[in-house]
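Asker: Dropping the structure in here first, questions after.
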Amino acid sequence: MKTPPTSSPADPMDSTATHGVVVVGGGVAGLSAALTLVRAGVSVRVLERTDYSAWRPGETLSPVAWAELRQLLAPEPLEPEGFLESHGLEATWGSERPHHHSFLANPYGSGWHVERRHLDALLARHAQSLQVPLWRDTCVTHLEREGHGWRVRVRTPRGPAELRCEALVDATGRSAQVARRQGVRRRDWDALCSVSGVIDRPPGFPEQHLVVEATPRGWWYAAPLPGGHLILTLLSDVDVLQRHDALRPAGWSALFSSTRHLRERVGGLEAVTRLHVRRCETSRLEHAAGEGWVAVGDAAAMWDPLSSSGILKALRTGRAAARALCAALGGHSGALEEYARQQAEEFSRYLSARQAHYSLEQRWAGEDFWRRRLDARAASHPRADDTGAVRVSTLPISGGTG
Ligand SMILES: Cc1cc2nc3c(=O)[nH]c(=O)nc-3n(C[C@H](O)[C@H](O)[C@H](O)COP(=O)(O)OP(=O)(O)OC[C@H]3O[C@@H](n4cnc5c(N)ncnc54)[C@H](O)[C@@H]3O)c2cc1C
């Protein structure tokens with residue numbers, strides 16, 4: 001790769017401009033990469049498919065994720081407006097007795113709960129204030145190698161446009177659209193899927209705690225949200241959810257009724273008519289980088305939401321990939337490969353941690369959801385394509401049901 005164009009306050013809708021890097025996907029990972037690149041003097045453009053108004057999953061920031069976020073925005077302060085302080089979590093996992101984990105002694109301070117689209121939109125505004133051109137409601141329609149760089153065709157609200165760049169960042173979340181267009185395969189370790197409903201927070205629910213509960217069919221979490229709301233999410237394998245009709249409000253509410261601690265805290269669920277369904281298989285790309293491109297955040301690898309670390313990983317991989325790109329653009333030919341190798345190693349470490357955590361829950365070892373995770377061999381190998389599990393492609397990719 002040759003030296004990239006440096007950053008300049010270009011016309012935000014100039015579609016002929018050549019950039020050092022085009023970031024596809026303006027979520028946390030893409031914006032972390034874009035902010036790191038622009039600070040290093042690289043010219044960047046971010047392409048985001050949405051206008052940030054729709055619901056997004058991921059509401060809890062651990063204390064260390066909050067610290068990383070502050071560092072990313074510095075010297076601008078991170079105002080807690082729109083965030084709800086979190087003092088820790090209460091988990092019923094492995095026995096009927098709830099365990100408490102407090103953030104109060106954490107050297108990084110409290111955790112935080114947030115409406116996720118608020119966080120992503122905040123980062124997008126920050127990037128724009130640093131003159132990073134960000135096109136919303138914009139989709140990539142065609143990608144092509146051109147010399148050592150790329151020609152990128154996009155569809156914007158103002159019509160089609162074409163861009164040229166030296167390198168691409170794939171920050172498109174689990175769909176990993178840039179990598180997949182290069183023929184890179186994604187391997188799945190499970191068929192995890194989340195089903196979430198948002199309700200008014202009942203008066204008895206702890207205002208500053210995440211509550212987690214394991215059940216025979218999977219596990220639930222409840223997180224308080226700013227504005228007096230509460231999000232309730234069930235995580236299980238797609239076939240288990242389908243068997244219990246839990247992708248629809250009636251079946252989902254019926255499974256909720258069989259929780260113990262959460263039901264005591266929350267009460268009945270008559271009001272839930274709309275659910276948000278997300279596929280979130282533990283998965284990774286076979287290669288997190290290639291000639292002139294690099295994948296970040298969920299595009300590179302998805303961790304089980306049990307880890308509560310997806311946002312932290314998105315922030316960190318965005319930064320690490322940006323540094324690798326700067327090195328590659330400066331002539332260090334092995335930088336992207338080294339980044340990809342580190343991602344693969346980190347994923348292996350994460351798989352061990354995931355297995356250790358699931359093996360703490362042995363009460364329903366015969367149930368499909370738990371049996372798959374307690375089998376050490378199955379848990380450490382990618383799923384074969386023909387496991388007989390219900391095809392996840394039959395699910396709505398995002399958005400609501402009911
Ligand atoms: C139910 C659930 C709960 C979770 N809870 C937590 C939690 O409490 N804490 C935590 O840290 N993590 C949590 N996670 C994980 C966390 O949400 C993800 O790890 C994180 O969102 C990854 O960020 P990302 O930027 O890589 O991807 P995403 O957040 O998926 O962002 C991808 C972006 O790319 C855009 N995009 C996609 N395709 C295109 C395209 N073709 N062109 C342009 N733009 C495109 C999307 O619109 C989006 O803005 C949870 C996940 C789930 C499913």
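No lab work stands behind these numbers, since they all come straight from the coordinates. Note that the coordinates shown come from a computational prediction; the quantities given were computed from them, not determined experimentally. Cβ atoms come from the backbone with ideal geometry, glycine included; neighbour counts cover every protein chain shown.
Asker: Around Trp55, under 9 Å between beta carbons, what's the net of Lys plus Arg minus Asp minus Glu among the other residues?
Answerer: +2
Asker: Here's something else I'd like to know. Taking a cut-off of 32 Å, what percent of all Cα-Cα pairs in the chain are separated by more than that?
Answerer: Across the chain, Cα pairs with separations above 32 Å total 35 percent.
Asker: Here is a further query. Compute the length gained on full extension between Ala376 and Arg260: take 0.36 nm times their separation in residues and subtract their Cα-Cα distance, giving the result in nm to one decimal.
Answerer: Additional length available on full extension: 38.9 nm.
Asker: Right, another one. Angle check, please: helix 63-73 long axis (alpha carbons) against the longest principal axis of the chain (alpha carbons), in degrees 0 to 90, nearest 10.
Answerer: Taking Cα atoms only, the helix is inclined about 20 degrees.
Asker: How large is Rg over Rh for region 103-203, taking Rg from the Cα atoms and Rh as the Kirkwood inverse mean of 1/r across Cα pairs?
Answerer: 1.07
Asker: While we're looking at this one, here's another question. Short version: ³J(HN,Hα) in whole Hz for each residue of region 143-155, in order, from phi by Karplus 6.51 cos²θ - 1.76 cosθ + 1.60 (θ = phi - 60°), x for Gly and Pro, what are they?
Answerer: 10, 8, 6, 9, x, 8, x, 9, 10, 10, 9, 10, 10
Asker: Rounded to whole Hz and in sequence order, give me ³J(HN,Hα) for region 94-107 from the Karplus expression 6.51 cos²θ - 1.76 cosθ + 1.60, θ = phi - 60°, writing x for Gly and Pro.
Answerer: Going residue by residue, I get x, 7, 6, 8, x, 9, 10, 10, 9, 8, 4, 9, 6, x Hz, with x marking Gly and Pro.
Asker: Here is a further query. Given N residues in region 31-133, what is Rg(Cα) / (2.2 N^0.38 Å)?
Answerer: Output field value: 1.28.
Asker: A further question follows. What's the FRET efficiency of Arg363 with Glu286 using the Cβ-Cβ distance as r and R₀ = 45 Å, to the nearest 0.05?
Answerer: 0.80
Asker: Between Gly267, Gly109, Gly147, which gets the highest mean-square fluctuation from a Gaussian network model of the chain, Cα cutoff 10 Å?
Answerer: Fluctuation is largest for Gly147.
Asker: Give, in nm to one decimal, the length gained when the segment between Ser333 and Leu73 is fully stretched (0.36 nm per residue of separation minus the Cα-Cα distance).
Answerer: Contour length minus the Cα-Cα distance gives 90.6 nm.
Asker: Right, something else. What translational diffusion coefficient, in µm²/s and rounded to a whole number, does the Stokes-Einstein relation yield for region 317-362 at 37 °C and a viscosity of 0.692 mPa s, taking the hydrodynamic radius as the Kirkwood radius over Cα pairs?
Answerer: 271 µm²/s
Asker: Run the quick spin-label model on Glu207 and Arg181: label points 7 Å from Cα toward the beta carbon, then report their separation in nm to one decimal.
Answerer: 4.8 nm
Asker: Another one. Using a Gaussian network for the chain with springs between C-alpha atoms less than 10 Å apart, which of these wobbles most: Pro75, Pro203, Pro98?
Answerer: Pro75
Asker: Restricting to DSSP H runs of at least four residues, report the calculated mean residue ellipticity at 222 nm for the chain, -39500 (n - 2.57) per run over all residues, nearest 500 deg cm²/dmol.
Answerer: Helix-only estimate at 222 nm: -9000 deg cm²/dmol.
Asker: Right, something else. In a Gaussian network model over the chain where Cα atoms closer than 10 Å are linked, find which of Ala328, Ala301, Ala222 has the largest mean-square fluctuation.
Answerer: Taking springs between Cα atoms under 10 Å, the residue moving most is Ala328.
Asker: Further question: When all C-alpha to C-alpha distances in region 198-274 are sorted into bins of 5 Å, what percent of pairs does each bin hold, rounded to whole numbers?
Answerer: In order of increasing distance, the bins hold 3, 16, 29, 26, 17, 7, 2 percent.
Asker: So what is the orientation-averaged projected area of region 162-317, using the convex hull of its C-alpha atoms, in nm²?
Answerer: 11.3 nm²
Asker: Further, regarding this structure: Need the full-extension length gain, Arg145 to Leu130, defined as separation in residues times 0.36 nm minus the C-alpha distance. One decimal, nm.
Answerer: Additional length available on full extension: 2.5 nm.
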